[in-house]
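The values are calculated or read from the model by the stated rules, or taken from the named source; none is laboratory data. Here the structure is a predicted model, which means the values were calculated and not measured. Ideal geometry is used to build each Cβ from the backbone, glycine not excepted, and the neighbour counts take in all protein chains shown. For the accessible areas, the whole protein counts, side chains as well, though only heavy atoms, and no ligand, DNA or RNA atoms are used. Shrake-Rupley method; radii C 1.70, N 1.55, O 1.52, S 1.80 Å.
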Amino acid sequence: MEPENTESQQNPEEQTQEKQENTQEINVETPTPQKSPVLNDGSYKAEKIQVLGGLDAVRKRPAMYIGSTSIRGLHHLVYEVVDNSVDEALAGHCTEIKVFINEDNSIKVIDNGRGIPVDIHPKFNRPALEIVLTKLHAGGKFDKGSYKVSGGLHGVGVSCVNALSKKLIVTVKRDGRIYEMEFERGKVAKEIKELGDSDEQGTTVQFWPDNEIFTETVFNFDTLSSRLRELAFLNKGLKISIKDERDGKENVFQYEGGILSFVEHINKNKTPLCEPIYFTKEKGEYELEISMQYNNSYQENIFSFANNINTIEGGSHLAGFKTALTRTFNNYAEKNKLKDVKLNSEDVREGLAAVISIKLAEPQFEGQTKTKLGNSEVKGIVDSIVSSGLNTYLEENPRVAKQVVEKFITAAKAREAARKARDLTRRKSALEGSSLPGKLADCQERDASKCEVFIVEGDSAGGSCKQGRDRKFQAVLPLRGKILNVEKSRLHKILSSQEIVTVITALGTSIGEEFNIEKLRYHRIIIMTDADVDGAHITCLLLTFFYRYMPKLIENGHVYIAQPPLFKVKKGKQQWYVYKEEELFKKIKEIGKENVNLQRYKGLGEMNPDQLWDTTLDPDTRILKKVTIEDAVAADEIFTILMGDQVEPRRKFIEDHAKEVKNLDV
Ligand code: 0RA
């Protein structure tokens, strides 16, 4: 990946943590043509729908179509249906989408679009509705000038959802009538029937994901909610709601400001330096929108989208934006004699929140995860719109211009200081004769993919860990106390913190402009702290550091959190370790409470090296949580709230989550 895309564009929700290893990993047939009861009313030519193939392939290799069969793929089903409704909105025919998570874990998506056509497809002699639901890529629904493939990451269509659902019911209101059809695992279960009259129009899809396909079938409200919010931001005015019938939670998203509201949302808990700026341009073959706003933090947060797809890997739209920014600010600063240093691309993005959204007729998606926009003509388009728009803005707002340029100059100087600090550390370690920190107990193995490092809280736990580990492939780095809160400092200050320099040196990747993941010395970086408030704080500080300065480590799945046991339960000669509060109760019920000896571990230091190996270090028996970032907006929000400079959002966050914290800290 290009370095320019690394800092701001994270993998798509919260800082969620997936379990790994020995835990639950979080890690065509054509139907025989029959005569249909529905008459062709001529309002829609079903023959426009192009058919590519049946659904058996989807059931055989689901991951190829929806990415995975884990919880992620499960949520993809919802996005796939919603994206079809959003396409109707993009074509100007739909204003509202409602999503329900039902008590039986089925999903219902209701839109007020045109409704899927029901007339007879001439080639198949079947209702178009059936073809759309049972054939792959039954396209052809798009008018000229509308943008297709708003479709989820894979853009595979609602037929894939049908293939991967044990049951699906689709209801269409169209031309004054209501129609319904039912499917099971992609096959027709109930023929199309008319239910009566209606003067409304739209499509309702309700589906029950197939538990033969998915490892998990329970939907997460927050995950779905944040993607729906994103879609509402990206499609100005469109009303999208979600209701969880399991507990009554509900959200309604509708933003007349579109991505300008998105930028306000990103900066919600930050201190902005100006009003959000907004540029837009619409031409036949594309529609471009950009919004940006600087805040007083040191982080950049740029999100780019093409046809509503989060282009995590960036691409030509992002490149055009960055080029324009650097040139425009340098020109402005020069003209107004504001600067004594040259501002580089990173300097002018310090404290920037921005959203770039382009909708175009034929997007080309490239890159490892097909989330990089390839259309080369887009770069120049974005560059020229941002250049002229920003120029005008700066001329009209000299006070803001001066303030942000001064910030950039400070950033440029700090960058220079950071470079010197880095050189100094390098020379210092060279002088010491070894480039590795003295506190690191390294492992013997040299192949990084086999190596892991435990970053451990405190010297005493570090000592047990050093004795208990398998020194062949496990290294230990004890940290003394808390590391610096990186959320509140620039890089050069961060590099003056000894604990942080130790971590960087041990990992081998360097940092900032020189960060190089190829040099990572351990493919598993395991944070191991006591299960108390201090431990949680240290974990949080380390995660903030990795997230802000080495996001690739998290994106590539190198960061883990160790799960030491909370209790040891002994009865007679047998003993068990318990890792969760809830499990303790279950265990005791299972073995009976007579003659049970219960030990609560307050810290890692209470375990001897053997116990530590058995419970927390041994890859065959331990539990690790893998740190992933599914939603960069939510992750940024959490780190800003927890570690940033505003007190009020943090107070509110802690108050809102007080119940959970209480449970954690019994
Ligand atoms: C095929 C053709 C047309 C619309 C749709 C499919 C359609 C699919 C879904 C899925 C969820 N909601 C949907 N809404 C519409 C075009 C219809 C026309 O030209 O009238």
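Extending 7 Å from Cα along the Cβ direction at Arg61 and again at Asn102 yields two label points whose distance is 3.3 nm.
Considering only Gln368, Gly351, Val378, and ranking their Cα positions along the charge dipole of region 347-393 that arises from unit charges at the beta-carbon of Lys, Arg, Asp and Glu, the one farthest toward the positive end is Gln368. Strictly greater than 20 Å: what percent of every Cα pair in region 218-334 meets that? Summing the P(r) tail past 20 Å for region 218-334 gives 52 percent.
Label 7 Å along Cα→Cβ of Ser449; region 512-527 residues with amide nitrogen under 20 Å? Within reach of a label on Ser449: 516-526. Computed with the Debye formula from one identical point scatterer per Cα of region 420-531, without solvent, the log10 of I(q)/I(0) at q = 0.15, 0.16, 0.18, 0.20 Å⁻¹ comes to -0.67, -0.76, -0.96, -1.17.
Under a model in which nothing but the beta-carbon of Lys, Arg (+1) and Asp, Glu (-1) is charged, region 525-666 shows a dipole of about 620 debye around its Cα centre. Between Thr621 and Asp340, the FRET efficiency estimated from the beta carbon spacing at R0 = 41 angstrom works out to 0.10. Heavy atoms of the protein only, probe of 1.4 Å, neighbouring chains included. What is the accessible area of Thr95 in Å², nearest 10? Roughly 90 Å² of Thr95 is accessible to a 1.4 Å probe.
Assuming R0 = 56 Å, what is the FRET efficiency of Arg651 and Asn211, from their Cβ-Cβ distance, to the nearest 0.05? My answer for the efficiency is 0.85.
Viscosity 1.567 mPa s, temperature 4 °C: Stokes-Einstein D of region 179-247 from its Kirkwood Cα radius, in µm² per second?
Values: Rh = 15.5 Å.
For these conditions, the coefficient is 84 µm²/s.
Accessible surface for Cys94 stands near 10 Å², nearest 10, in the context of the full protein assembly shown (1.4 Å probe). Counting only protein heavy atoms and using a 1.4 Å probe, what share of the accessible area of region 374-496 belongs to carbon plus sulfur, as a whole percent? So the carbon and sulfur contribution to the accessible surface is 52 percent.
Each other residue within a Cβ distance under 9 Å of Ile266 adds +1 if Lys or Arg and -1 if Asp or Glu, for a net charge of -1.
The heavy atoms of Asp534 offer some 80 square angstrom of accessible surface to a 1.4 angstrom probe.
Divided by 2.2 N^0.38 Å, where N counts the residues, the Cα radius of gyration of the chain comes to 1.06. By the rule of a C-alpha distance below 19 Å, with chain neighbours fewer than 8 residues away ignored, the lysines paired with Lys407 are Lys270, Lys322, Lys335, Lys337, Lys339, Lys342, Lys488, Lys493. Using all alpha carbons of region 527-666, what is the percent of pairwise distances in each 10 Å bin, ordered from the shortest bin to the longest? All Cα pairs, binned at 10 Å, distribute as 10, 33, 33, 18, 6, 0 percent. Peptide packing: for 638-646, 414-422, 162-170, the average count of neighbouring Cβ atoms within 10 Å per residue gives the ranking 162-170, 638-646, 414-422, highest mean first. When the Cα gyration tensor is reduced to axis lengths a ≥ b ≥ c, the ratio a/c is 1.5 or higher for region 526-576, and with a/b not above b/c it is classed as oblate. In region 252-303, the ratio of gyration radius to Kirkwood radius, Rg to Rh, stands at 1.03 when only Cα atoms are counted.
P(r) tail for region 281-379, what percent of Cα pairs lie past 18 Å? Provide the component values of the computation, followed by the final result.
Numbers: 2455 of 4851 pairs.
Tail of the P(r) past 18 Å holds 51 percent of the pairs.
Taking the alpha-carbon centroid of each part, what is the distance from region 84-116 to region 184-218 in angstrom? Here the answer is 13 Å between Cα centres.
Equivalent ellipsoid semi-axes for region 613-653, as square roots of 5 times the alpha carbon gyration tensor eigenvalues: give them largest first, rounded to whole Å. Can you show the working numbers first?
Values: eigenvalues 219, 36, 9 Å².
Value: 33, 13, 7 Å, ordered largest first.
Mind ranking 177-190, 299-312, 453-466 by how tightly packed they are, going by the mean number of other C-beta atoms within 10 angstrom, highest first?
On the way: 177-190: 17.6, 299-312: 24.3, 453-466: 22.2.
Top to bottom by mean Cβ count within 10 Å: 299-312, 453-466, 177-190.
Other residues lying with their Cβ under 11 Å from the Cβ of Val355 contribute a combined charge of -3, Lys and Arg counting +1, Asp and Glu -1. The simple Förster model, with R0 at 45 Å and r as the Cβ-Cβ distance, assigns Glu377 and Cys274 a FRET efficiency of 0.90. Rounded, prolate or oblate: pick one for region 482-560, where a ≥ b ≥ c are the square roots of the eigenvalues of its C-alpha gyration tensor, a/c under 1.5 means rounded, and failing that, prolate if a/b is larger than b/c, else oblate. It is oblate, given that a/c is not under 1.5 and a/b is not larger than b/c.
Pair-distance distribution P(r) for region 559-616, from all Cα-Cα distances in 10 Å bins starting at 0: 21, 54, 22, 2, 0 percent.
In deg cm²/dmol and to the nearest 500, what is the mean residue ellipticity at 222 nm of the chain if only DSSP H runs of at least 4 residues count, each as -39500 (n - 2.57), divided by the residue total? The partial results should precede the final answer.
Working: 20 runs with 229 residues, N = 666.
Helix-only estimate at 222 nm: -10500 deg cm²/dmol.
For Cα pairs less than 8 Å apart in space and 6+ apart in sequence, what is the mean separation divided by the residue count of region 255-322, i.e. the relative contact order in percent? Could the numbers behind the result be given before it?
Numbers: 67 pairs, mean separation 17.3, N = 68.
Relative contact order of region 255-322: 26 percent.
Just to confirm a number: summing +1 for Lys and Arg and -1 for Asp and Glu over residues other than Tyr601 whose beta-carbon lies under 11 angstrom from that of Tyr601, what do you get? Residues close to Tyr601 contribute a combined charge of 0.
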